[in-house]
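Trainee: I am attaching a structure below and will ask some questions about it afterwards.
The values are calculated or read from the model by the stated rules, or taken from the named source; none is laboratory data. Treat the numbers as computed from the prediction; the structure is a model and nothing was measured. Cβ atoms come from the backbone with ideal geometry, glycine included; neighbour counts cover every protein chain shown.
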Amino acid sequence: MTGGPLPAPARGPIPARAGIGLRSQHHEAILETASPPAWIEAHTENYFHAGGLAARALERARSRYPLSLHGVGLGLGSADPIDRGHLERVRDAVQRYEPGLVSEHACWGHVDGEHFNDLLPLPYTEEAVEHLAARVREVQDFLGRQILVENLSAYVSFAFSRLSEGEFLAAVVERSGCGLLLDVNNAYVNASNLGLDLDAFFAALPRHAIQEIHLAGHSRRRVGSARTADR
């Protein structure tokens with residue numbers, strides 16, 4: 001992939017149209033497609049390096065499409081202090097690629113220096129709201145911009161949760177000034193796994209805060225049955 005100087009990034013807000021998640025296998029195709037997406041989303045951690053093929057590919061794609069950077073590694077709800085080295089690399093990526101949106105997850109992922117390869121849900125309590133909102137404010141102050149927080153999928157719920165998931169997210173938005181990345185699939189999975197009211201979840205969310213939506217599939221497995229149906 002060679003050539004002259006790259007054109008200026010496609011600045012401006014993410015349009016209210018369908019985009020795609022950019023993966024490494026899409027790097028060439030995204031530049032050649034006859035039916036281009038309205039915007040692209042990329043995982044922030046995949047593009048931490050300033051050089052190399054992946055970074056160059058995102059630079060070229062970014063020259064054509066508005067970009068949303070979606071992080072998976074900060075573990076905002078963790079009890080440990082935020083990893084400043086990781087956060088600095090997020091800031092570097094934000095400054096380098098100039099995304100229209102930056103997002104992370106309402107999760108925890110590390111404790112006592114041990115990192116888990118998963119996005120682990122938080123209990124829905126006032127204490128957790130205050131903790132997550134404070135961490136979100138810390139990240140936003142460091143980056144100098146608003147971030148979005150995404151709802152998670154879960155297999156179990158916490159007996160000591162006192163808020164619904166929608167109430168929890170709404171409180172985090174109110175106390176941190178963040179936006180929301182609404183994952184519709186995760187909400188459906190939670191409703192199915194935990195017997196939750198999906199309409200009540202959506203009704204509790206502050207609509208003005210929803211700035212991006214994820215749509216994705218899932219698989220359904222019947223407990224006690226070997227049958228699995230892809231959806």
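Trainee: Kindly indicate which of ALA55, ALA50 is farther than 13 Å from HIS26 by Cβ, part of a helix (DSSP H, G or I) and not polar (S, T, N, Q). Don't jump to the end; show me each part of the working.
Mentor: Working: ALA50 fails: part of a helix (DSSP H, G or I).
So the residue among ALA55, ALA50 that is farther than 13 Å from HIS26 by Cβ, part of a helix (DSSP H, G or I) and not polar (S, T, N, Q) is ALA55.
Trainee: Going through the range 60-91 one residue at a time, which ones are under 20 Å from the mean Cα position of the chain (by Cα) and assigned to a helix (DSSP H, G or I)?
Mentor: Correct list: ALA61, ARG62, ARG84, GLY85, HIS86, LEU87, GLU88, ARG89, VAL90, ARG91.
Trainee: Answer yes if at least one residue in the range 59-67 is touching a Pro at 6+ places or on another chain (Cβ under 6 Å) and at pLDDT 95 or above, and no otherwise.
Mentor: So the first thing to find is which residues in the range 59-67 are touching a Pro at 6+ places or on another chain (Cβ under 6 Å), and the list is 62-63, 67.
This time we only want the ones that are at pLDDT 95 or above, so: 67.
Yes: one or more hits.
Trainee: Which of the residues that make up the range 93-112 are of a type in the set (D, E, K, R), closer than 20 Å to CYS178 by Cα and surrounded by fewer than 21 Cβ atoms within 10 Å (Cβ to Cβ)?
Mentor: Result: GLU98, single match.
Trainee: For the range 99-125, enumerate the residues that are modelled with pLDDT of 95 or more and more than 23 Å from ALA171 (Cβ to Cβ).
Mentor: PRO99, GLY100
Trainee: While we're looking at this one, here's another question. Please go through the range 52-64 and pick out each residue that is buried (at least 20 other Cβ atoms within 10 Å of the Cβ) and either acidic (Asp, Glu) or under 30 Å from LEU169 (Cβ atoms) (or both).
Mentor: Within the range 52-64, LEU58, ARG62 qualify.
Trainee: Okay, next question. Restricting attention to the range 16-51, which residues are surrounded by fewer than 12 Cβ atoms within 10 Å (Cβ to Cβ) and modelled with pLDDT of 90 or more?
Mentor: ALA16, ARG17, ALA18
Trainee: Of (1) free of Cβ contacts under 8 Å to residues at least 40 places away in the same chain; (2) part of a helix (DSSP H, G or I); (3) among the charged types (D, E, K, R), ARG135 satisfies all except one. Which?
Mentor: It fails just one condition, (1).
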